[in-house]
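Chemist: Take a look at this one; I'll ask things after.
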Amino acid sequence: MRLIVRGKHIRDSLAAELRKEGIKFEVRERLGYDGFIGYMLTGTLDEIEKAVESIEGVDRDALREGFMSFKESVTHILEHLKVGEDAEKLLMEGAWVGDILDQLHRAGVLDYDGKTVKLREGVDPSSIRFEFKFPFNIVHNPEEAEKVAKQFVFTDLLPEYEFEFLELDIARINKIGSIAGRYFPEDVLLKAYFALISRGILAEEILRVLKDGKIPEEELIKSFMRAAPMAIPTPKGTLVINYSKEAIEETLKLLKKLGYIEIKGGKVRKIREMGE
């Protein structure tokens with residue numbers, strides 16, 4: 001169950017928070033190829049807003065909603081920068097901060113001493129020119145849209161860092177969710193969180209079935225495959241966990257690695273309970 005961050009500052013900050021809570025994880029570095037295909041409007045916030053209201057050939061509601069979110073983000077960052085803020089602390093709010101700081105840097109309105117970043121003295125925030133990007137899939141008539149907006153394609157060939165979480169205990173997974181919530185968009189976080197929760201539930205069920213005896217590994221796997229998918233009722237609804245033979249095998253490997261079970265002679269034995 002993995003989450004990907006870009007930028008060493010965010011990697012180091014997230015890793016430090018996880019270590020502080022004793023969360024087990026691994027980090028792998030690889031070359032990323034993230035990208036964005038869409039359109040761009042440029043100008044001051046007021047000028048971009050007027051363009052949003054005038055542009056044709058787009059889903060106007062979606063465009064307006066995207067711009068308002070962008071405007072609120074810019075306003076939030078500018079409030080911090082008026083008095084000065086620790087750059088690393090600011091970047092901890094999410095990857096979106098880096099884009100806004102980059103735009104402000106290119107606009108030449110920032111002072112940075114290596115630690116604190118601040119809006120340059122005498123700069124009028126309303127005069128700063130920004131780039132507002134929106135995705136191609138909300139454009140239904142490119143010819144009309146391109147009368148106001150320019151095509152924009154961005155490819156990021158920079159290192160990315162994949163965090164793989166090695167926790168099965170539900171309480172510790174909840175800690176991961178609390179920490180990671182400050183670094184990732186809700187939709188990305190929820191998918192990873194429920195994947196971790198689902199794997200944790202599967203691990204708990206394996207320990208429950210083992211009780212104090214030994215069960216042949218193949219027999220254990222077959223019994224769980226017969227029970228798939230697993231439906232878990234909750235106060236708010238139902239969590240359905242679908243899994244493959246490979247998923248059970250990987251969960252058994254992790255249970256063994258974390259010292260919850262022992263596998264000898266093709267048989268599985270529980271060593272300790274979850275949370276111990």
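Chemist: List the pairs whose first member sits in the stretch 42-56 and is within 20 Å of Gln151 (Cβ to Cβ), whose second member is among the polar types (S, T, N, Q) and outside any helix (DSSP H, G or I), and whose Cβ atoms are under 9 Å apart, counting only residues at least 6 apart or on separate chains?
Modeler: These pairs meet every condition: Ile48/Thr42; Ala51/Thr42; Glu56/Asn141.
Chemist: When both residues are 6+ apart or on different chains and their Cβ atoms are under 8 Å apart, which pairs have a first residue that lies in the stretch 218-229 and is more than 12 Å from Tyr243 (Cβ to Cβ) and assigned by the TED database to the domain that holds Ser244, and a second that is of a type outside the set (Ser, Thr, Tyr) and loosely packed, with under 13 Cβ neighbours inside 10 Å?
Modeler: From residues that are more than 12 Å from Tyr243 (Cβ to Cβ) and assigned by the TED database to the domain that holds Ser244, the pairs are Glu218/Gly266.
Chemist: Can you name every one of the helices (runs of 4 or more DSSP H) wholly within the stretch 1-90 that holds 1 or more residues which are open to solvent by 30 Å² or more (accessible area, probe 1.4 Å), within 28 Å of Leu110 (Cα to Cα) and in the same structural domain as Ile197 (by the TED database)?
Modeler: Here the list reads 8-20.
Chemist: Kindly evaluate Ala192 against the criterion of being touching a Lys or Arg at 6+ places or on another chain (Cβ under 8 Å) and within 30 Å of Arg6 (Cβ to Cβ).
Modeler: For Ala192, the condition - touching a Lys or Arg at 6+ places or on another chain (Cβ under 8 Å) and within 30 Å of Arg6 (Cβ to Cβ) - is met.
Chemist: Further question on the same structure: Regarding the stretch 151-160, can at least one residue be identified that is without any contact (Cβ under 8 Å) to a residue 12 or more places away in the chain, open to solvent by less than 70 Å² (accessible area, probe 1.4 Å) and at negative phi?
Modeler: No: zero hits.
The values are calculated or read from the model by the stated rules, or taken from the named source; none is laboratory data. Bear in mind that the values here come from a model prediction, so they are computed numbers and not experimental data. Don't worry about glycine lacking a Cβ; one is built from the backbone with ideal geometry, like all the others, and counts go over all protein chains shown. Surface areas here come from the heavy atoms of the whole protein model, side chains and all, with no ligands, DNA or RNA. Shrake-Rupley method; radii C 1.70, N 1.55, O 1.52, S 1.80 Å.
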